[in-house]
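These notes are about the structure you will find just below.
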Amino acid sequence: MFLTVASPGDELSYLLFKHPGRVQAFDLAVGRAWVFYPRADAEATEAALLVDVDSAALARSKRFRVSGFELAHHVNDRAYAASSLLAVALGRVFRSAMAGSDPADRPGAADRPRQLTIHLPSVRSRGGAPLVRQLFEPLGWAADAVEAVPTCVDLRLSGVARLSTALSQLYVLLPTLDDSKHYWVAEAEIDKVVRHGRDWLAEHPLRDRILFSYLARQRGYAADAAARLDGAAGLDGAAPTDGAGRPDGIARADGAGRLDGIGGGATGASLDLAPAQVPLAEQRIRYLVAKLRGLGAKRVLDLGCGEGRLVRRLLDEAQFEVVGADVSPGALDQAGRRLEKLADRQLRRVSLIQASATYRDERFRGFDAIIASEVVEHIDPDRLAAVERNLFQDARPGRVIVTTPNADYNRLYGLARGRPRHPDHRFEWTRAEFQGWAERVGRLGGYRVEFDGIGPEDPDLGQPTQVALFERIDVPGPGGQAPADASREGGHG
Amino acid sequence: MAELDIPELSLVLLIGASGSGKSVFAERHFGAFEVISSDFCRGLVSSDPANQAATEDAFEVLGLIAAKRLRRGLLTVVDATNVQAAARRSLIALAREHDVLPVGLVLDLPEAVCLERNRDRPEPLAESAIRRQVKSLRQSLKGLGREGLRHVHRLTSPAEVDAASIRRTKLYNDRRDDLGPFDVIGDVHGCLDELTALLVKLGYELQRDDGGELVDAEHPDGRRAVFLGDLIDRGPATVGTLRLVMGMTAARHALAVPGNHEAKLVRALGRGAKVQLGHGLAETLAQLEAAGPEFTERVRAWCDGLISHYVLDEGRLVVAHAGLKEAYHGRASGRVRAFALYGDTTGESDEFGLPVRYPWAEDYRGRAMVLYGHTPVLRAEWVNNTLCLDTGCVFGGKLSALRYPEKELVQVPASRLYCEPVRPLAAGMGAGGADADTGAAAGAGPEADGGRQRRPGVLDARDVLGKRLVETRWAGRVTVQAEQAAGAFEVMSRFAAAPERLAYLPPTMAPVASSRQEGYLEHPLEAFAHYAEAGLAQVICEEKHMGSRAVVWLARRDGPADPGPSAAPGAVFGGGPGIIHTRTGRPFFGRELEAEALDRLRAAVERAGLWDELDADWLMLDAELLPWSLKAEGLLESQYRPVAASAAAMYAAATDALAAAGARGLDVGDLLAATHHRQANAAGYARAVETYGWPVDGLTGVQIAPFQLLATNKAACYAQSHRWHLELADRLAGADPAFIRRTRRFELDPADRPAAARAVAWWEELTAQGGEGMVVKPMTSPVRRGARLVQAGLKVRGREYLRMTYGPDYLDRLDDLRQRNLGLKRSLALREYALGLEAIDRLVAGEPLWRRHEAVFAVLALESAPTDPRL
């Protein structure tokens, strides 16, 4: 990792507390750092910090461990790109400068804003150059950011600032850009970010995003830090820098909402945020609970229960006995955690099982209703036949309720034709396709089918979620015949 | 001296008062684990064998142990007083539940003897209790047979007890020592002409009596016919058929099991029973009447004496008229007999008024082959190692026989339709057969066996979940832990191709032992040493293409294809040309591009003349698909390129700055040199990364490098020499050089030092040109050294290539890296190799889908274990 700081005149080396005529080395937990001066004369001074990260030591470090044995764990850009590792090195090597200490013979120097040029040839930025600009420009920097590859940015900052503030900003913003920390974030980090951000963070338009990322996505910590930053500003009376006197509370009324948006935005949360107030996923749950209640279903299997939201809600109604089935052990773990705090009486009505709709399973038998909500679209078309067979011919519950996205509606989400709402969707059916499928499956399995929808209705495109309600057609057999007799007397062979 | 007969598989109830000597008797005549005593169970649950308060718990444990043993088919003796009817009733129920015969062994000794022995005990029971027991026993004696005990042996004096011995008798259905060979024949229904034609076709010599009637048929090689029942009714010549088959069984040239029609005939000919005379029975009775009372009585006795099923050939073959589920093999009970005669009925009827039968064969997971008839089908079709041989001769279909153990079907067509079927024979059957694997999507209506489709390809969660032991030919039993199975279950369900299209997954490959050569982590010499030590005279070095592992299963022509010579025909390829999938079972391409790639391969195979030469309808290739970036683009984007870019940017700035500082007179010499070195390492890394990716457009730019022909529908080919495999691959490459890439190779004796030096030079040159490295393989695999399988290949990766896996600076810390632990990876490679071969063997042998899937699934499950990804 590498960084240079340049400033006109010769005062920089004093502020950094590092002699311009020497190459100084420092031992760090993650490797070794050197400070040297490529330039130091009366006109200008440029200081360089070179950090040689010991990748092997880093890989061995438990704190840095991502998960078990990922290759990324062994070969990564940690040694090269500026990240939390560089932030920590800055804090170690330039501790006094960052604290704003005056050099012994130059009182007041540290407090004086000065022209600074900071060069980081390689910054890891999950949001590329735009994010870099969004983070630094509101602080008054001219940020010249060039992407080598989308996540690797060459950054040159220039502006007028106190050196200590500039270093503090790097200290907080480098980990934010990278959005990952090489060490475990504990509550002490709240103190750190409040301390380093006191002068500038409270007013940053992306303050909440910065706190959320810096504090390793722990909402509680982020909220705590935000409150403390606000408090710090309040104690000082007027806002510390621009003096606009804007009441903080009002300016950030949307703070919590923004935190949400940042958290999952990039990682493929589905486009379920319908125009309505209630998210579509929640509408589906309400619909299904009401439907099952109306049907008088007792034993319900939620096939593809995921993290168990529907299961959890069904347990609030005493009539249901619920089995949640999912193919993912990870999802089942989370579903299990969701149920942990339930009363024993509720727990007695629920069980979670690992199961797949593509494998026949005797545990699917004997239910009043099987729910497959937002499941079929995650199954490859060539495996649907097995699912149909296992549900409609083998398990044969009284009812089957299938929900799936309505592809017709996707236009209202601004999705290009054929683009699915979620990257894992193997297909999305139009209403005609879905109804054709459901009717065929129902006919083969001996089920009546009706169609319904969930979510706001468009006159032409229908509702975002389409629903098929299957009801088994029970043919009363020729009564009273004992099985053995039937076979003896009626045997074909 | 009394010899007491006890069926080999039975639940023996010792019955007698305390002091009658049950335990001593049991110890003398039965094995230690065969006897479960109530006293012992009281001890287990309460630490006191005499604790009467623990009786209820003790009997619960006793019942559980007995149930487990019976389920495993083990004789079990219950050593308890069993003098109360209630106690016996629950044990008899237990025997029935497991379809074994309950046997009573009564020690009915004089009360005085019991009392005297009781007095000698360290903790005698109250005498009143013993008197009560003796009294209960006496009261029970008369009714024991009616309680359901099949045999009751009673010993009444100490002398008799001493003199008694036990003889274990085989069940009638147990013919495991009869090894065949057999010709198993489906439902004849009085079609004597077809039967004789079939017997002749099978090679039997017919014998007639003086009146010209057929009375026997004998095979010159000593083969025997096995008749699956329903010899009679509906057809024109019931009497003649019976005469012939009865003659054959009498002469020991045939075995026969009864069908439901024979069972009904026995009832019709018996006294008093009233049966409906439908389904051809009236005609049969008329024919018998014409044949005379003596013949009729012989028929009745013969039919009545037939055993409902047989277990043959060391348990490898089971025959029963309507089939038999595994739990009933070799068992004896009313319901076993009912199943064998009538099948598994659900109690419902279909729209023709015929009973709906549960498709037990779909659930069948047994190792024994089950042959049966009963339900007429258009085509004899394997379902999970079971085969229905009733091909509806009397309805104008065929009379079928299966040669066992050859598994060869021999058929003669019916000369005419003798009887109109109640349900149209063709209804749905063809559809169910042809599309067995696609099931409901393509299937039409109900099928012959009871309104459900016949689905040989149904996989059950129980086939894969939980801890499993997979038997392999090459490495014995391979264990799959439950959590590995759970992980693979998700991957298999969510991402892999449909199981019927996924017949094989390649094993992981172990790297060569870390090299001690200066400057190398991996070096060919260690691989040669490894194989020389294993005693191999010849190895082959194969160029390792830097792509992604790909398995190609290619059909000669579109449409349904058989997975193997004797398996159920099914739409293995979904009606398409085949599949190209990754090592985790994901299809490489979308359907269209896949079809295009397969078409191209198919054409190449055609041009190379391999279809005819191999006489193949499909073939399966192990291959490498290039470029690597095709599958790994995401990884390149998120992982490899950022590392290269940030290293380049950082070192460029750092070296400039250091140079400037040096120019100012600062002492940066060592630091600058070190930084330059790191910069060069990073550049090497960047070069390696960019070597293996290039843009593709559709198939343009895509190449495939096959290196092994795993199997064709005719045979597994994996054991051919690698020279053979590569020559075949060369011919494919020759047929389409733009698409199919040749694999360079170097053969040598691993112990030959000069040859090894030349091979090292060859490898150096290969990797200097940017090659990933090579794989050193035994010329022919699998090969064992002692009992252990030898690694099928060791990869030796190039020095520069390894920067990608171990980081740009890995050469600076070789000493650390040489400590890498290869043990787990190697063991994994061997187990996965054996499982992969097992999957191929099962495929080619035409084993049921669940068996094939078991082996494939196990490979994926083992891959879910965390291992160092750099190996």
On Cα atoms only, tilt of B:238-250 relative to the major axis of chain B in degrees: 80 degrees
Student exercise, the protein assembly as shown dipole from Lys, Arg, Asp, Glu Cβ charges, in Debye to nearest 20: 2200 debye
Within the protein assembly as shown, percent of DSSP bridges classed antiparallel, to nearest 5: 65 percent
At 1.002 mPa s and 20 °C, Stokes D of segment A:2-184 from Kirkwood alpha-carbon radius, µm² per second: 127 µm²/s
Spherically averaged projected area in nm², based on the convex hull that wraps the Cα atoms of segment B:629-691: 4.2 nm²
For residues of A:146-155, the mean tally of beta carbons on other chains within 10 Å: 5
Charge tally in the Cβ shell below 13 Å around residue B:84, where Lys, Arg are +1 and Asp, Glu are -1, residue B:84 excluded: +4
Per-peptide average of other Cβ atoms within 10 Å, ordering A:9-22, A:412-425 highest first: A:9-22, A:412-425
Partners for residue B:135 among aspartates and glutamates (Cα-Cα distance below 13 Å; same-chain residues under 8 apart left out): B:108, B:111, B:127
Where A:433, A:428, B:747 fall by accessible area, highest first, once all protein chains stay in place (1.4 Å): A:433, B:747, A:428
Paired Rg and Dmax values of the protein assembly as shown, which use every Cα atom, in angstrom: 39.8, 137
Local net charge near residue A:329, Cβ-Cβ under 11 Å (Lys/Arg +1, Asp/Glu -1): -4
Surface per residue (accessible, 1.4 Å probe) for chain B, Å²: 39 Å²
Part-to-part distance (alpha-carbon centres) for segment B:295-348 and segment B:827-862, which is given in Å: 34 Å
Cα gyration tensor category, rounded, prolate or oblate, for segment B:668-824 with a/c compared to 1.5: oblate
Accessible area buried between chains A and B, both sides summed, probe 1.4 Å, in Å² to nearest 100: 6700 Å²
Karplus-derived HN-Hα couplings along segment B:325-337 (A = 6.51, B = -1.76, C = 1.60, θ = phi - 60°), whole Hz, x at Gly and Pro: 6, 4, 4, 9, 4, x, 9, 9, 6, x, 6, 5, 5
Whether segment B:748-833 is rounded, prolate or oblate, judged on the alpha carbon gyration tensor where a/c under 1.5 counts as rounded: oblate
For chain B, share of DSSP beta bridges that run antiparallel, in % to the nearest 5: 60 percent
Local net charge near residue A:77, Cβ-Cβ under 11 Å (Lys/Arg +1, Asp/Glu -1): +2
Of B:544/B:777; B:407/B:714; B:201/B:714; B:714/B:777; B:631/B:795, pairs whose Cα-Cα distance is over 18 Å: B:201/B:714; B:714/B:777; B:631/B:795
Packing-based order for B:801-810, A:328-337, B:121-130, using average beta carbon neighbours within 10 Å, highest first: B:801-810, A:328-337, B:121-130
Per-residue mean of C-beta atoms belonging to partner chains within 10 Å, peptide A:33-41: 5
Apportionment of accessible area to carbon and sulfur, the protein assembly as shown, percent (1.4 Å): 50 percent
Kirkwood estimate for segment B:3-169, i.e. one over the average of 1/r between Cα atoms, Å: 15.9 Å
Value of [θ]222 nm, deg cm²/dmol, for chain B, DSSP H segments ≥ 4, -39500 (n - 2.57) each, nearest 500: -11500 deg cm²/dmol
Percent of Cα-Cα distances greater than 26 Å, calculated over segment A:280-472: 29 percent
Karplus (6.51, -1.76, 1.60) ³J(HN,Hα), θ = phi - 60°, over segment B:385-391, in Hz, Gly and Pro reported as x: 6, 10, 9, 8, 9, 8, 9
Long-range HN-HN contacts of residue A:429 with modeled amide H, under 5 Å: A:407
Vicinal HN-Hα couplings computed from phi for segment B:801-817 (Karplus, 6.51 cos²θ - 1.76 cosθ + 1.60; Hz; Gly/Pro x): 4, 5, 4, 5, 8, 9, x, x, 9, 4, 5, 7, 10, 4, 4, 5, 5
Segment A:328-423 - Rg over Rh from alpha carbon coordinates, Kirkwood radius: 1.04
Placed amide H near residue B:624: partners under 5 Å, 5+ positions off or other chain: B:550, B:705, B:707
Peptide B:490-502, shielding by other chains (average Cβ, 10 Å cutoff): 5
Shape category assigned to chain B from the gyration tensor of Cα positions, a/c cut at 1.5: oblate
Residue B:789 long-range amide H proximity, modeled H, under 5 Å: none
Beta bridge orientation in segment B:175-421: antiparallel %, DSSP, nearest 5: 60 percent
Segment B:182-334 - Kirkwood radius from inverse mean 1/r over Cα pairs (Å): 15.9 Å
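The values are calculated or read from the model by the stated rules, or taken from the named source; none is laboratory data. Fair warning: this is a prediction, and the values are worked out from it, not measured in the lab. Methodologically, a virtual Cβ is constructed for each residue, glycine included, from the backbone with ideal geometry; neighbour enumeration extends over all protein chains shown. These area figures cover heavy atoms from the full protein model, side chains too; ligands, DNA and RNA do not enter into them. Shrake-Rupley method; radii C 1.70, N 1.55, O 1.52, S 1.80 Å.
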